[in-house]
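Heads up, the thing below is written out as structure tokens.
The values are calculated or read from the model by the stated rules, or taken from the named source; none is laboratory data. This is a predicted model, so every value here is computed, not measured. Here the Cβ is made from the backbone with ideal geometry for all residues, glycine too, and neighbour counts use every protein chain on show.
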Amino acid sequence: MGLRLEHELIAAVDLGSNSFRLQVGQVRGNQIYELDGIKEAVRLGAGLGPDKQLDGASQLRALTALSRFGERLRGFPPEAVRAVATNALRVAKNGASFLVQAEAALGFPIEVIAGREEARLIYLGVAHSLPNPRKQQLIVDIGGGSTEFIIGRNFKPLRLESLYMGCVSYSLRFFPNGHVDRKAFREAEIAAGNELQTIVQAYRETGWQTAVGSSGTARAIADLLELNGLSEQGITRTGLDRLIEMLENVGNVHHLRIDGLRADRMPVLCGGLAIMSAVFNAFELEHMEFSDGALRLGVLYDLLGRSHHDDLREATVKHFTRRYDVDQAQAQRIEATALGLLRQIMPAANDPENTDAQFLSWAARLHEVGISVAHSSYHKHSAYILENADMPGFSKRDQARLAHLVLGHRGKLERVQPLARDPVEWLLIFCLRTAVVLHRARDSQPLPPLTANATPKSYQLHVPEGWLLDVPLTAAALEEEARQWSGLGVNLKIREQG
């Protein structure tokens, strides 16, 4: 069920590469008022070795933090909490096994989101905290493992990019043990500048009126500059140069004695500062404001939008059907029949908010996007597109689930066997496959009344007596379906009834 009540409590969990954050907010109308927040300096990205494996110490820090968050979230309904993970878990080769433990510690599912989806959510959070979102703004969010760049106006992002550089990774790479000198800063700035060259020209062409920094690195730099008289407000080019000079003079970040330098920020300050300096150089900035809005606030507003039936995933599906020139009439026929079968077998799917029914609907509407690549084996092309394309609003796990359903809508079921993990997943595939077979003619002829039911090891489809004689192609296709399911140890029975 969706969030329908005024004053409902909702929560966002942000598993960043440097810090884990929990934000609890209260819904009032279309606004969210922040009530409570917890931050844990986990530095998950620092636990990534050269082999891209998370080490035991970083996993332990993460699980300890998530257990604390889980205690705070005890009693929250599942639909009121959204947890997202960013770059460290995007690249960790043992991320999947760690996520099992992480979800158990937190008590809620965790989505690993793509870089551009992270950028979109960051902009959503920043836009809701800006004094004048009508201005065209450049947003820069330096995280632990990646940096997001967004140009947007009002609540609409115009450009979204995520670059693989962050305060944790750069601090470890260029400033080991906090050592600082001019050469190290220069090397770090050059490396960041090379990354930035891939986006700078396009961003300059789009243009912006003001530059805004968000999240921990921007806040830390702005605080240091303001508290020590290096800048009157926000981040400035002159202030950055003076702070870098101070660090180079002391030789190690741990020897720096200035107001506002927190112990948890010290190990990652140099990397973040080098990236920020490179950003100022590449975009020719003189001044940057700071915004309190960030990923976790964007997650809260995205969660609120879903509950108010403004789900971005729905808009993304509509965009994809247009972009890939999907046969809308056929997709609607498949969707209606597949959902009709699911609702007979699983009554919970009659709830408009039922997640399984939503995914079946999206899969039915998108199952033919791969025809735009080639008709032969188009289901494989469809699955590849859905798993790898940028799909705003969908997590990587969401996209993988869509891809699995679509891959299974035709062809050999044995290909899908390693992917489908539970009986509900198989049920959705059964409904989608059956609908595709029944609408093979791609015409507007209505189907006769059909009923379906299921047990853990069998599906039954009941058709009117004599109907199969009138549709021999469909009858043969249903016989082939029975053989495919039999190969998995599932009994599909087609029964005629008078």
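Miscellaneous remarks
- Condition check for Gln26: closer than 28 Å to Thr355 by Cα, polar (S, T, N, Q) and touching a residue at least 40 places away in the same chain (Cβ under 8 Å): no
- Taking region 1-51 as the region of interest, the strands (runs of 3 or more DSSP E) fully inside it that hold 3 or more residues being surrounded by fewer than 18 Cβ atoms within 10 Å (Cβ to Cβ) and modelled with pLDDT of 90 or more are 31-40.
- When we screen His367, His404, His462, His379 for residues that are at pLDDT 90 or above and more than 24 Å from the chain's Cα centre (by Cα), the only hit is His462.
- For region 260-286, the set of residues classified as under 30 Å from His128 (Cα atoms), modelled with pLDDT under 95 and either in contact with a Pro (Cβ under 8 Å, 6 or more places away or on another chain) or not hydrophobic (A, V, I, L, M, F, W, C) (or both) consists of Gly260, Arg262, Asp264, Arg265, listed by residue number.
- In region 73-105, the residues that are under 16 Å from Gly166 (Cβ atoms), small (Gly, Ala, Ser) and assigned to a loop (DSSP other than H, G, I, E, B): Ala92
- Tally of residues being among the basic types (Lys, Arg) and closer than 25 Å to Leu160 by Cα across region 241-299: 1
- Verdict on Leu428 being closer than 26 Å to Val490 by Cβ and under 23 Å from the mean Cα position of the chain (by Cα): yes
- Cβ separations smaller than 9 Å between residues 6+ apart or across chains give the following pairs from region 201-226 residues that are farther than 20 Å from Ser19 by Cβ to residues that are among the polar types (S, T, N, Q) and modelled with pLDDT of 95 or more: Leu225/Thr236.
- Residue that is at pLDDT below 95 and assigned by TED's automatic domain parsing to the domain that holds Ser146, where the choices are Gly234, Gly239: Gly234
- Ile122 being within 30 Å of Ile235 (Cα to Cα), of a type in the set (A, V, I, L, M, F, W, C) and out of contact with any Lys or Arg (no Cβ under 9 Å at 6 or more places or on another chain): yes
- Test: residue in region 76-97 that is in contact with a helix residue (DSSP H, G or I) (Cβ under 8 Å, 6 or more places away or on another chain), outside the structural domain of Asn281 (by TED's automatic domain parsing) and acidic (Asp, Glu): yes
- Neighbours by Cβ (under 9 Å, 6+ apart or cross-chain): first from region 38-49, closer than 20 Å to Arg68 by Cα; second charged (D, E, K, R) and assigned to a strand (DSSP E or B): Ile38/Arg21; Lys39/Arg21; Glu40/Arg21
- Residue that is nearest to Leu9 (Cα to Cα) [pool: residues in region 50-75 that are touching a residue at least 40 places away in the same chain (Cβ under 8 Å) and in contact with a helix residue (DSSP H, G or I) (Cβ under 7 Å, 6 or more places away or on another chain)]: Phe69
- Members of region 248-265 that are assigned to a helix (DSSP H, G or I) and either touching a His at 6+ places or on another chain (Cβ under 9 Å) or farther than 15 Å from Arg186 by Cα (or both): Val250, Val253, His254, His255
- Any hit, region 190-208, residues being in contact with a Phe, Trp or Tyr (Cβ under 6 Å, 6 or more places away or on another chain) and more than 28 Å from Arg296 (Cβ to Cβ): no
- Flag if Leu432 is more than 30 Å from Tyr123 (Cα to Cα), surrounded by 14 or more Cβ atoms within 10 Å (Cβ to Cβ) and not assigned by TED's automatic domain parsing to the domain that holds Arg90: yes
- For Thr86: the one exception among (1) without any contact (Cβ under 8 Å) to a residue 60 or more places away in the chain; (2) within 16 Å of the chain's Cα centre (by Cα); (3) surrounded by 17 or more Cβ atoms within 10 Å (Cβ to Cβ): (1)
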